[in-house]
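The values are calculated or read from the model by the stated rules, or taken from the named source; none is laboratory data. Just so it is clear, the structure is predicted and the values come from calculations on it, not from any experiment. A quick note on method: Cβ atoms are made from the backbone with ideal geometry, for glycine too, and the neighbour counts reach across all protein chains shown. Protein only, heavy atoms only, side chains kept; ligands, DNA and RNA dropped before computing areas. Shrake-Rupley method; radii C 1.70, N 1.55, O 1.52, S 1.80 Å.
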Amino acid sequence: MFRSRTICIVQIHGLMLFKGRSPSHNAFPGYSQSMHFDFLDLRLFVHIAQENSLTKAASRLHLSVPAASIRIKKLEASLGVQLLNRISQGITLTPPGQAFLHRAQLVLQELADLQGELEEYTSGVTGHVRVLANTTAVTEYLPKALQAFRASHPNVIVDLREKVSHDIVRLISDGLADVGISGNVRTEGLKVIPYRKDRLVIATAADHPLAAHSVVPFRDTLRFDFIGLHENS
């Protein structure tokens, strides 16, 4: 007894290395279009959040504490919001600081990925594709497909990572991967191409009410308890 479930390949319109989002006015109330900061400011802020200490963060970047303090004050002035709470026990992040930390980490990760990809090109690599796929696709369909692709395109790096379907769609939408293979989930704004059909089988006891059926719509199974894999498997 089974019901077919379509696995779709989800691909953004054109491959994009970056898909940035400007900070919203809700996240940064005093946000100004004339922001002035650099990657060192971002790294400093991330280190402060990790260490809960301006002194330790400055040391990691080989900056003096006064120089690091000035950088943070200029960063806050540029954004028009307070990012840090300075208390006797250390440093904590304000709500705008939490939002800024999240975006700073994304930017720095994109920068690291860019540097890595450019270094690969100097060694003869001609392309780099970031692929996200769910467990079924990774274990059942992609091994042979990737083997054939690598044989015909030896200079193209394929970065394959396993994710659950909902995360795949979100990461593709955020521009953090080029191609995603997921189950049937909502994919507004993305190009969707049918890829494979996954056969689902229900195993029951011989005297179970569903055992007499050769094909069972999934909705008819929902009134029974399931034993299955957990969500993140």
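Once the Cβ-Cβ distance of Glu110 and Ser88 is raised to the sixth power relative to R0 = 22 Å, the FRET efficiency obtained is 0.05. Gain on full extension, evaluated as 0.36 nm per residue between Ala151 and Arg60 minus their Cα-Cα distance, stands at 28.4 nm. Residue separation of Lys74 and Glu140 scaled by 0.36 nm, minus their Cα-Cα distance, works out to 18.5 nm of gained length. Straight Cα distances below 24 angstrom link Lys197 to the lysines Lys144, Lys163, with same-chain residues fewer than 8 positions distant left out.
An ellipsoid equivalent to the stretch 101-233, defined through the eigenvalues of its Cα gyration tensor, has semi-axes of 38, 19, 12 Å when rounded to whole angstrom and sorted largest first. Excluding ligands, DNA and RNA, the accessible surface per residue across the stretch 80-192 is 55 Å² with a 1.4 Å probe.
Among Asp38, Asp207, the order of accessible area from largest down is Asp207, Asp38, computed with a 1.4 Å probe on protein heavy atoms. Above 18 Å, the calculated P(r) of the stretch 104-175 contains 50 percent of its Cα-Cα pairs. In a DSSP loop and with at most 11 other Cβ atoms within 10 Å, the GluC sites (Glu not before Pro) in the stretch 157-233 are Glu188, Glu231.
The listed peptides 56-63, 126-133, ordered by packing as a protection proxy, come out as 126-133, 56-63 (highest mean of other Cβ atoms within 10 Å first).
Of interest is the spacing of the C-alpha centroids, which for the stretch 52-70 and the stretch 162-233 amounts to 49 Å.
Remark: relative contact order (the stretch 50-208) = 16 percent; criterion is Cα-Cα distance under 8 angstrom and separation of 6 or more residues.
Cross-link partners for Lys56 among the aspartates and glutamates, with Cα-Cα distance under 19 Å and sequence neighbours closer than 8 places in the same chain left out: Asp41.
Leaving out ligands, DNA and RNA, what percent of the accessible area of the stretch 101-157 is carbon and sulfur, probe 1.4 Å? C and S atoms contribute 58 percent here. Here the Kirkwood formula, the inverse mean of 1/r across different C-alpha pairs, assigns the stretch 54-130 a hydrodynamic radius of 15.0 Å.
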